[in-house]
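Take a look at the structure below.
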Amino acid sequence: VSEAEELDRVVPAVAALHERFGVPLSVDTWRAGVAAAAYRAGAVMGNDISGFADPDYLPAAAEAGAAVVATHIRLSPRVPDPEPHYDDVVEDVRRYLAERVERARAAGIGDDRIVVDAGLDLGKTTPHSLQLLAGSARLADLGVPLLLSASNKGFLGEAFGLAIGERQMASTAAHAVGVSLGCRILRVHDVAAARRVRDTLAAVLEAG
């Protein structure tokens with residue numbers, strides 16, 4: 001959609017949610033103008049799957065005091081990538097995210113407001129996404145929180161022959177693996193199940 005249409009769709013929703021619930025809100029957009037308007041409406045985080053392709057994205061977040069999520073993508077949002085290739089998918093993604101972290105820092109955004117996401121399914125085959133999940137510990141050592149966005153993803157469906165409505169247990173298992181390997185933020189559909197995973201693993205890890 002155009003930027004004008006995205007603004008019309010997103011900003012009123014952010015404003016209404018902010019007024020009604022008063023909870024931290026994240027906006028998914030790769031446009032700096034939309035992110036800035038959403039911050040003014042009450043959002044406190046921008047999730048950008050383009051890896052900060054818009055040169056004004058990070059300055060807008062810094063000015064607003066907002067947090068940002070840097071997501072790995074091989075090409076650009078909405079550009080088909082049917083045959084992605086990596087020499088070492090975990091190392092390639094790690095290098096990309098490390099560079100985005102440095103760009104965010106240079107823009108004046110503190111480490112407590114920078115999050116990274118491996119971008120499972122974004123320009124990755126099912127084996128790539130599985131390798132990235134297994135390699136989460138290598139991404140978690142970048143010095144900023146690692147977000148896991150595996151819930152109901154296509155790689156879980158393809159790996160196990162599951163329709164989108166059948167992926168709850170696989171998603172929960174992926175969350176458990178991710179948290180055990182250093183993921184500290186989960187983007188989920190089943191909040192109760194993810195919370196139980198988090199609490200259980202926190203108790204186990206703290207006991208050890």
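The values are calculated or read from the model by the stated rules, or taken from the named source; none is laboratory data. Predicted model only: the values in this text are computed from it and were never measured. In this analysis, Cβ positions are derived from the backbone assuming ideal geometry, glycine residues included, and neighbour counts consider all displayed protein chains. Protein only, heavy atoms only, side chains kept; ligands, DNA and RNA dropped before computing areas. Shrake-Rupley method; radii C 1.70, N 1.55, O 1.52, S 1.80 Å.
Listed options for log10 I(q)/I(0) by the Debye sum over Cα atoms at q = 0.09, 0.15, 0.17 Å⁻¹ are (1) -0.31, -0.93, -1.23; (2) -0.35, -1.02, -1.28; (3) -0.66, -1.16, -1.22. The value calculated from this structure is the one marked (2). Hey, any idea what % of the stretch 62-198's accessible area is carbon plus sulfur with a 1.4 Å probe? On the stretch 62-198, the fraction of accessible area on carbon and sulfur atoms equals 53 percent. The modelled label-to-label distance for the pair Leu201/Ala16, using points 7 Å beyond Cα in the direction of Cβ, is 3.4 nm. The helix-only estimate of mean residue ellipticity at 222 nm for the chain, built from DSSP H runs of length n ≥ 4 each weighted as -39500 (n - 2.57), is -15500 deg cm²/dmol after division by the residue total. Largest GNM mean-square fluctuation across Glu83, Glu91, Glu99, computed for the chain with C-alpha springs under 10 Å, falls on Glu83. Annotation: amide H of Ala70 within the under-5 Å range of Val115, Val116, Asp117, sequence separation 5 or more or interchain, hydrogens built in the peptide plane.
Accessible surface calculations at 1.4 Å, restricted to protein heavy atoms, place the chain at 51 Å² per residue.
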